[in-house]
Each structure stands twice: as structure tokens, then as C-alpha cells.
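The values are calculated or read from the model by the stated rules, or taken from the named source; none is laboratory data. No experiment lies behind these values; they were computed from the predicted model shown. Glycine gets a Cβ as well: all are built from the backbone with ideal geometry, and neighbour counts include every protein chain shown. Heavy atoms of the whole protein, side chains included, go into the accessibility calculation; ligands, DNA and RNA do not. Shrake-Rupley method; radii C 1.70, N 1.55, O 1.52, S 1.80 Å.
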Amino acid sequence: METYAYGFPRLGTNREYKKLIEGFWRGKVSEEELRSGLENLEEGRIALYQKYVDYFPSGEMTLYDPMLDMALMLGIYTCENFDQYFDLCRGKNALELTKWFNTNYHYLVPEISSIPKPSKVRSAKKKFDKLCIQKQGIPYLVGPFTFLKLSKGYEKEKFEQHLISLAHAYTELIKGHDMVHLDEPAFVQDITDHEKELIQRAYEIMNQAHKDIFLFTYYDSVDFLEEVYQLPVKGIGLDLIYGSKNLDFIKEHGFPETKILIAGLVDGRNVWRTNIEEAVEILNELSLYAPDLMVSNASPLYHLPVTIEGEQLDPRLLEKLSFAQERLYELQLIGQAYEGELGKEVQAWSSTDDTNYFAVDKKVGHRLKKLQETDFTRSVPYTERVEIQKKVLNLPLFPTTTIGSYPQTKEVRKARAGFKTGRMSKDNYDAFVREKISDLISFQEDSGLDVLVHGEFERSDMVEFFAQKLNGIVTTKNGWIISYGTRGYRPPIIHGDISRQEPMTVKEVTYAQSLTDKPVKGMLTGPVTIIAWSYVRDDIPVDEVAYSIALCHQDEIKDYEENGIQIVQIDEPAFREKAPLKKRDWDIYFDWAVKAFRLASNTKPETQIHTHMCYSEFSEIIDYIVDMDFDVISIEAARSRADIIQVFSKTGFSRQIGLGVWDIHSPAVPRASQMEAIVEEVAKVVPIENIWINPDCGLKTRKWEETKASLKNLVKATQRLRKKYAS
Ligand code: GLN
Ligand code: ZN
């Protein structure tokens, strides 16, 4: 049984990738050092592939993002050197970043006006080859359909024309090689009949290069496998973990005799070890339909940290885990076990703790069992709550607030690191955080903001922080994965029943409230976001995991209430991202996602519940959003006011909306008039008494100078608006 792996993380065991590139940005790493450093890293990556598997693509080592690389190879952008390359990633000319399918990886969105001619592609590719870190092997490309689907800047009617031109351009790229690896994850989305035809035409064109194409789809099943079978490709990679329907289809309709089936049987998105015997069984079954068979990972391995080696976790947990390097080992094991070898190794790889799950908490189970419909419904409907809350809070027209975090300065990070490593005592650390909170409360009062926050100085990362407080979730020491470019995070692992040991955030928020007469907003990361940005246990249904987190939140909010906190924000930035790729699966997902929010926020009617999402592309999900039954939602509004106006004018949305009038992703200080203009436009379709004014996300990554200047303008804009609309 031959094995194929792809998408192995580029980050390096000790985040060498990040250190090299960011060092280059800071002028500490020279161009030659960057190049040779990345080449070493790539050699290490390839050596791992070579150690464990038979086939793998090359050219996966990007300087920042594979979608940008594709655009460069095609001549859609040009750049001559590293500086120009990085300028497209993060400089003045930076492309937009957006989420890659339903993952927390972000890619750079190419802007396409026209597709360059093959002759131009030839020279673009040459230029790109000089710049990038290339190694011999099967060249890796994002497939033309996926590339075009994820790009922007062209009219919808031009899709056909562009795809055909792209197919010619790709033919040029493919020509020089015997085999190529094409990633087409967009094949698993909802595809129209017209698109199916276009895909067929595009692949026919690429076939003129007479090369072996290995086509990979992943993250879900492909609905049009019948047509995919007809494509002139050599091998078809299918995700059999998140696309179990693929397996059903093969069993029912077989598999083309002339093609290789690359069976994705090793999970690329979660960390639980593969059951080797089960995988071999599936392969045996598949071999009845597809005589030419390979085994591979089910989706790219970069959603996993590099290796479990060096992690100091409970051994009973550790023996259940598999990161990217271990996934390669699993592929090798499966390949050999299929041939009837390696009984001992397979045994050794399976957990000894299968029957007795070690992180069971009976109390959690009981609470979940007792849940009834009423637990998911606030006792008083919004229309009445809003009146009660008005009296309690007594806020002005256009209340102003911020989203939670304030600049995480060097000083703050140093103190947190000092506390973590034991260099700073708990008492000193607590005193430090208290001082920061106290300064921030004064700052917010002086700024004239209406609803204050404590600043989140005690939090490193909005998910990791709660993971460290909750039972049943662990965090890793070195389990970094890339969220975009060189930026990484360490997803926690949800491995047991989740419960709250003690209040998680009440101390800081209550302290902040004790310093001011203005309301201080409590701040929680919502259940869906905690799940989306963690690895989640797969032995129980995900809705149960979500409800158990929600119950912890509900307890936390009750503690807030006892301590005089009147407003609570539950952040759900991953709410949309976690939605399945196929719309037909949405109801099931949104059902538990919405219910988890409602359970978490089911407290006193006096308590004003906010949620925050960093975006405002709601047109498709607005009904689910309304169903969450919050009182206020804060969203991005600076870049996409048109979307908001469209959605909210159509739906007659009647909740309060916090307009994110300051785009905090940019260091630019917005002018008061810019922010006013956004509010005025939205005020045409949203009742003014429903409008709040705020930045579009937390201020963690901003500098204090920018924060001060921007908030000053934000308050100035608000005061002018209040005057204007007062009558
Ligand atoms: N409360 C969080 C913060 O301000 C929200 C972050 C987010 O939405 N990504 O940092
Ligand atoms: Zn946000």
C-alpha cells in the first residue's frame, strides 16, 4: 500500500519559520540568512516526508501564503524580491486576509481583473522560482477552480471566461513536470451544474499538457463525484474522515478503473490517534472498488502542531494524541499493516485506556441530562428586557464602548511571562494586573466612554485563557499552528467533561466595577469559539461539549450578577467560521451553536447580554443570529457598511447594534467625520436608539498612541451625533 502525505506544517519544531521571517522584517536576519534558513527548514520537512511516506508534493514552503504564491506564479502580481513579496502580505499594498474554508487559517485574497496570457505566465513563473524556496518533487498548486472561487475583484459573469483562461495558464505551469499536485477543496462546497461543466472544460484544457494530475479535495465530501470521476486526472484524493459520504458513494457507484484512489483516512484537523486496524479494514473494503489505491491524510496537516514529542501532558492523554509528525507515522503504519505486517507496532500505537475514559465528571453528565427547553430561553422576551435594562443602565443615545482588550504592551507581556515562569509571585502579578485595570478605568472615564471594560490584561489569548481555567481542557507547551502568515496560536485540547473549578474572570471585572460608577462589561469567550479554536473530543456529540461550556458561562454570569455586574459580552468571532461548508448541514450546526449561546446567557432579564463578532457578513445567517436572543451585537462596520445597510434594511433587525466604526486592524487613526458618516448612513435603516458606537474588535494589537487618538475621535464623533439627532 503506497502512502501520500501533504500539507505538513511549515512552522518548524521550534517555530523557526516565524523567527526567520519576523527577524527579516525587523532587519535582524539578512536576505541570505532568510533564504538558507527556509531552505534548511524545507529540507527538514521533506526529510520527514521521506522517512515515512512514498509520495508528497514539493513547493509547499511559502514565504507567507500559498494563495499569494499562486497569484505570483500566474503573473497576477509581480515582485522581484522579498521586500516586495512581504509588501503584498502586510505592507501598504497588503492583500485582504480572510478565513480559509471552515478553518481558522487565513489566506491572502488575490484581486483579479484579468488572467495573464500563457506567455506572461511563463516569465512570471520563472521570476517566482527565483524568489521562492523550491525543492525537487511533485509541484504543489492550488487548483484553478479553488483559486478563482477564493479570489475577488472580478464580476460574477466573468467567472467562466476567467476559469478557462486560468486553465490555459495552469497548463503552462504544469508543462515542465511529470506529475502535479492540485488542491481543490472548493469542490466540497455547494457546486452548481454550470460550475461542474466548467470544471470539466478547465481540466480538459489542462490535460493538453499530458501530465499526471493528482487532485485533492478535503474538509467534506464531494457532491458531484460522478463528474469528478470523468476528469482527466491520474489520482483523486478524498477526505473520508469529514466526508463520509464519499465512502458511501464509492460503495454504491464504484471507482474508475483507470484512476488511483487516494483515501484520506488520517485526520488532518483533529488530534486523536487513528485506529489503525479500522483504517486497514476500510482500505480492504475500498480495494474491492478501486484496485489502484493509496492512503493519505484526509486534509492538510498544517491544522496540527508539528509533534507531540516534548509535550508534558497526562500520559493517559498523551497516548491518545497524534500531531502532524505522528500522522505521517500512522500513514506508514497503515501502509504496512495493510500488507499484514507490524502487529506489535499497531498494538503499541493504540491507547490502553479505550474503555475507561479518564476525564469523566459525573456531575457534568447529570447537569446536561437535566437540561430542558426552558434552559435555553430567557424568561423575559427582548421587547420587555430592553425596557427593564434601559431603567437599570440609563445610558445616553449612541452609547460608546470598547470590545474588551486594550494594548498588550511589552510590560504586560513581560509580567504575564514572569508570572508563568515563577519569576513573579502571584501576589505581585495580581497587584500588577489591578494597577493596569485601575489605570484603564481612569483612562476610559477621562475619555468619556459610557460602558467600560477591565482590559483583559490577564489574558494571553481569548481561548487559551479559558482553557486554562476550565476542567477537561488542556493547553500545550509547543503545539503551535499558523493562523496566517507567521502568526501562530496553540489550540487547547478538549479531552474530558468540562466544568468550572471556580470563578474565572469575576475577580478582575468586579475590581474594575468597584472603581467606577459607570457600568463595567464582563467579558467571556463563547462556547462555539472555544470549540472552533480548540481540538474537540470526538467520543461524544459536539453539542454536549458546547452545552457543558455554556453551563460554566451561565454560572460565571450569575457570579457577575451577584457582584453587581450589569452587562456581559460573550464573544463569538468563530460563529460563522464553524458553519459547515454545505448549506444543507447548517440547520444542525446552528441549532446547537445558537442553543449554546442561549444557555450561556440565560440569566436575569436585567443583565444586558452583548455578543461580539468581528465581521458583518450576515446576509445568509441573519435568522440564526437573531435566534441567539442577545440584547446587543457589536460588529465590524468600517469596511463593510454597505453589507450592514443591506442586511438590516431587509430584515428589520430590531436588536441593538454596536457599530465597529474604527477598523482596529489598521494602525491608521480614523477621523471623527469618517466614523460619523458610517453611523449616519446606518441610521437611515436602523432606529437610532438601537445604535451603539465602538471599535470593530479588541485593541490588544494596537499601540497606546493610536488608541488614545482614535478613541478621542470616536467620542467626539458620538457627541456631535448626539447633538445632531437629539431633537
Ligand atoms: N474581547 C476580545 C478582545 O477584545 C474579542 C477578540 C475577538 O473578537 N477576536 O480582545
Ligand atoms: Zn473581534
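Computed quantities for the displayed model
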item: Sole residue being farther than 21 Å from Thr505 by Cβ and open to solvent by 20 Å² or more (accessible area, probe 1.4 Å), chosen from Lys414, Lys426; result: Lys414
item: Lone unmet requirement of (1) touching a residue at least 60 places away in the same chain (Cβ under 8 Å); (2) open to solvent by less than 20 Å² (accessible area, probe 1.4 Å); (3) not acidic (Asp, Glu) for Gln189; result: (2)
item: Leading residue by the ranking (farthest from ligand 1 (Cβ to nearest atom)) among those in the range 392-411 that are β-branched (Val, Ile, Thr), within 20 Å of Pro667 (Cβ to Cβ) and crowded, with 20+ Cβ neighbours inside 10 Å; result: Thr402
item: Matching residues in the range 469-517 - criterion: being under 22 Å from Arg367 (Cβ atoms), open to solvent by 40 Å² or more (accessible area, probe 1.4 Å), polar (S, T, N, Q) and without any contact (Cβ under 8 Å) to a residue 60 or more places away in the chain; result: Gln501
item: Unmet criterion (only one of (1) open to solvent by less than 30 Å² (accessible area, probe 1.4 Å); (2) free of Cβ contacts under 8 Å to residues at least 40 places away in the same chain) for His366; result: (1)
item: Only one of Val528, Val545, Val520 that is at pLDDT 95 or above and within 17 Å of Lys469 (Cβ to Cβ); result: Val545
item: Out of Glu32, Glu42, Glu80, sole residue that is open to solvent by 50 Å² or more (accessible area, probe 1.4 Å), farther than 25 Å from Val188 by Cβ and not in a loop (DSSP other than H, G, I, E, B); result: Glu32
item: Condition check for Ser640: farther than 28 Å from Lys391 by Cα and within 15 Å of ligand 2 (Cβ to nearest atom); result: yes
item: Strands (runs of 3 or more DSSP E) lying entirely in the range 427-531 (those with 2 or more residues that are within 16 Å of ligand 2 (Cβ to nearest atom)); result: 481-484, 487-489, 521-525
item: Residue that is surrounded by the fewest Cβ atoms within 10 Å (Cβ to Cβ), among those in the range 659-714 that are within 16 Å of ligand 2 (Cβ to nearest atom) and basic (Lys, Arg); result: Lys700
item: Tally of residues being under 17 Å from Met462 (Cβ atoms) and surrounded by fewer than 22 Cβ atoms within 10 Å (Cβ to Cβ) across the range 587-624; result: 2
item: Tyr218 being open to solvent by less than 10 Å² (accessible area, probe 1.4 Å) and under 28 Å from Pro305 (Cα atoms); result: yes
item: Flag if Gly526 is touching a helix residue (DSSP H, G or I) at 6+ places or on another chain (Cβ under 7 Å), open to solvent by 10 Å² or more (accessible area, probe 1.4 Å) and within 19 Å of Leu699 (Cα to Cα); result: no
item: Unmet requirement for Gly176, which otherwise passes all of (1) in contact with a strand residue (DSSP E or B) (Cβ under 6 Å, 6 or more places away or on another chain); (2) free of Cβ contacts under 8 Å to residues at least 12 places away in the same chain; result: (1)
item: Index of the failed condition, Ser534 passing every other in (1) over 23 Å from Lys369 (Cα atoms); (2) surrounded by fewer than 22 Cβ atoms within 10 Å (Cβ to Cβ); (3) polar (S, T, N, Q); result: (2)
